[in-house]
């Protein structure tokens, strides 16, 4: 005699299947939420690291601009500065006829990075506390943030004083050069770094000194710059011309 399942048994089996289905759906929902949260955390982390790299590049660009200004002195072009900067010959930085030049050498010399790490001992007392006077418990030391700065001549006319093609990459004739700053945040071992690159075209604003011809006999003021109102002859390429000192 075959025993048929009762109604209670059929209801118990359906409840078990329903419970297993609910557990499966909840598990899938949890896994999906975990994946979304993980991706969101990665995106936010990448954004934070990129901002750190960008600010490092900005700091390097400002420092490089000041270094170029100091090295320039009173020169009218950047040729003298470009001639003394070390040439960078690394993968991805081979500039060809217009080479990349290291503006700010790192602690290890040319080809090394400058660190943007914060040294707590160098901070002013006001930087170690909040506006309300509460001391900070810790600081973001930024030990993994660094930068490099390069200079590169722009496309300008050939220098007539040195028309050698091989030297045109370091001969500036239009008083403008490119500054390229690279900021980098180094991640854990075997991970890719996050980089930001900023470039700016800087211009030399040193103007040549212009003097006005004055009278040599009726001089007044420093170095005979007093205008006597008389016409003064000067010799220009073996020809004597007369410049009128009155408008």
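Show me 141-149, 186-194, 84-92 ranked by packing, highest mean number of other Cβ atoms within 10 Å first.
Values: 141-149: 19.8, 186-194: 10.4, 84-92: 12.2.
Packing proxy ranking, top to bottom: 141-149, 84-92, 186-194.
What does the extension gain come out to for residue 70 and residue 115, with contour length at 0.36 nm per residue minus their alpha carbon separation? Walk me through the numbers before you get to the answer.
Working: separation 45, 0.36 × 45 = 16.20 nm, distance 2.16 nm.
Gain on stretching residue 70 to residue 115: 14.0 nm.
If neighbour count is taken as other Cβ atoms inside 10 Å, put 175, 51 in order from fewest to most.
Working: 175 17, 51 14.
If I rank by nearby Cβ atoms, fewest first, I get 51, 175.
At 7 Å along the Cα-to-beta-carbon direction for both residue 164 and residue 200, put a label point, then send me their distance in nm to one decimal.
Calculated label separation equals 3.3 nm.
What is the gain in length, in nm to one decimal, between residue 62 and residue 178 on full extension, counting 0.36 nm per residue of separation less the C-alpha to C-alpha distance?
Working: separation 116, 0.36 × 116 = 41.76 nm, distance 1.31 nm.
Result: 40.5 nm gained on full extension.
Taking Cα pairs under 8 Å and at least six residues apart, what relative contact order does the stretch 33-166 come out at, in percent? Could the numbers behind the result be given before it?
Numbers: 120 pairs, mean separation 33.5, N = 134.
Answer for the stretch 33-166 is 25 percent.
Of 172, 46, how do they rank once you tally other Cβ atoms within 10 Å and put the fewest first? The partial results should precede the final answer.
Details: 172 23, 46 12.
Neighbour counts put them in this order, fewest first: 46, 172.
Return 36, 81 ranked ascending by Cβ neighbour count within 10 Å, so the fewest neighbours appear first.
36, 81
At 7 Å along the Cα-to-beta-carbon direction for both residue 50 and residue 32, put a label point, then send me their distance in nm to one decimal.
Between residue 50 and residue 32, the simple spin-label model gives 2.8 nm.
Since every read-out is calculated from the coordinates, none of them should be taken as a lab result. All figures in this text were calculated on a predicted structure; none of them were measured in a lab. Positions of Cβ are generated from backbone atoms using ideal geometry, with glycine treated the same way; all protein chains shown enter the neighbour counts.
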